[in-house]
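Colleague: Right, I'll just put the structure down here and ask away after.
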Amino acid sequence: MFEYAPAPESREIVDLRPSYGLFIDGEFTEGSGPAFKTVNPATEETLAEVACASADDVDRAVRAARKAFGGWSGLPGSERAKYLFRIARIIQERSRELAVLESLDNGKPIRESRDVDLPLVA
C-alpha cells in the first residue's frame with residue numbers, strides 16, 4: 001500500500017502562533033482590551049487568541065495613522081503605486097497559506113478562498 005502526500009492546501013503549510021497582538025505605529029503591541037479566541041467552525045478548535053483593542057488602543061492607532069498619512073499623501077501616485085503593487089505581490093506569493101488560513105477561520109471551501117478571495121484581495 002502507499003501513502004498519500006499532503007494536499008497542497010494542507011494545514012501543514014501554515015504556522016499559527018498561539019496569540020496575536022495589535023500592530024500600531026509600526027510595532028506589534030499587546031492590546032489593553034480583552035483578548036478573544038478565533039475558532040475553526042468545522043472542528044471548534046481554537047486557532048489563536050487575538051488581542052482586542054480598547055478605546056485607548058484605537059486612539060493610538062488613529063494618531064499613528066494621521067502621522068504616517070502626511071508622508072504617504074505627499075508621495076507622487078507612481079511612488080505609492082510601487083508600495084501597493086509590492087503588497088499585492090506578497091499576497092500573491094503567500095496566497096496558498098492565506099487561503100488555508102481563511103478557510104480554517106471561516107469554514108469556507110478552500111476552492112472559494114483560493115480561487116476567489118485571494119485573487120480579489122491581491
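The values are calculated or read from the model by the stated rules, or taken from the named source; none is laboratory data. This is a predicted model, so every value here is computed, not measured. Neighbour counts run over all protein chains shown; Cβ positions are idealised from the backbone, glycine included.
Colleague: On the phi < 0 side of the Ramachandran plot, part of a helix (DSSP H, G or I), of a type in the set (Lys, Arg) and touching a residue at least 24 places away in the same chain (Cβ under 8 Å): is that true of Arg114 in this structure?
Modeller: yes
Colleague: Now a separate question. Could you list, in sequence order, all residues of the range 22-37 that are surrounded by 15 or more Cβ atoms within 10 Å (Cβ to Cβ) and either closer than 15 Å to Glu102 by Cα or within 14 Å of the chain's Cα centre (by Cα) (or both)?
Modeller: Leu22
Colleague: Next question, about the same structure. For Ala61, state whether it is over 21 Å from Asp15 (Cα atoms), in a helix (DSSP H, G or I) and under 19 Å from the mean Cα position of the chain (by Cα).
Modeller: Numbers: over 21 Å from Asp15 (Cα atoms): yes; in a helix (DSSP H, G or I): yes; under 19 Å from the mean Cα position of the chain (by Cα): yes.
So Ala61 passes the test.
Colleague: Okay, moving on. Could you look through the range 68-111, keep only residues that are outside any helix (DSSP H, G or I) and either surrounded by 12 or more Cβ atoms within 10 Å (Cβ to Cβ) or at pLDDT below 95 (or both), and pick out the one that is nearest to the chain's Cα centre (by Cα)? First the steps, then the outcome.
Modeller: We begin by selecting, within the range 68-111, every residue outside any helix (DSSP H, G or I); these are 75-76, 94, 107-109.
Next cut, either surrounded by 12 or more Cβ atoms within 10 Å (Cβ to Cβ) or at pLDDT below 95 (or both) only: 75, 94, 107-109.
Values: Leu75: 26, Arg94: 11, Gly107: 16, Lys108: 16, Pro109: 18 Å.
Once the filter is applied, the top-ranked residue is Arg94.
Colleague: Right, next: Tell me, which residue of the range 7-21 that is surrounded by 10 or more Cβ atoms within 10 Å (Cβ to Cβ) and part of a loop (DSSP other than H, G, I, E, B) is modelled with the highest pLDDT? It would help to see each step written out before you state the result.
Modeller: Looking only at the range 7-21, we keep the residues that are surrounded by 10 or more Cβ atoms within 10 Å (Cβ to Cβ), and these are 7-11, 13-14, 16, 19-21.
Add one more test, that the residue is part of a loop (DSSP other than H, G, I, E, B), and what stays is 7-10, 14, 16, 21.
Numbers: Ala7: 66, Pro8: 66, Glu9: 72, Ser10: 78, Val14: 89, Leu16: 91, Gly21: 95.
Going through the qualifying residues, I end up with Gly21.
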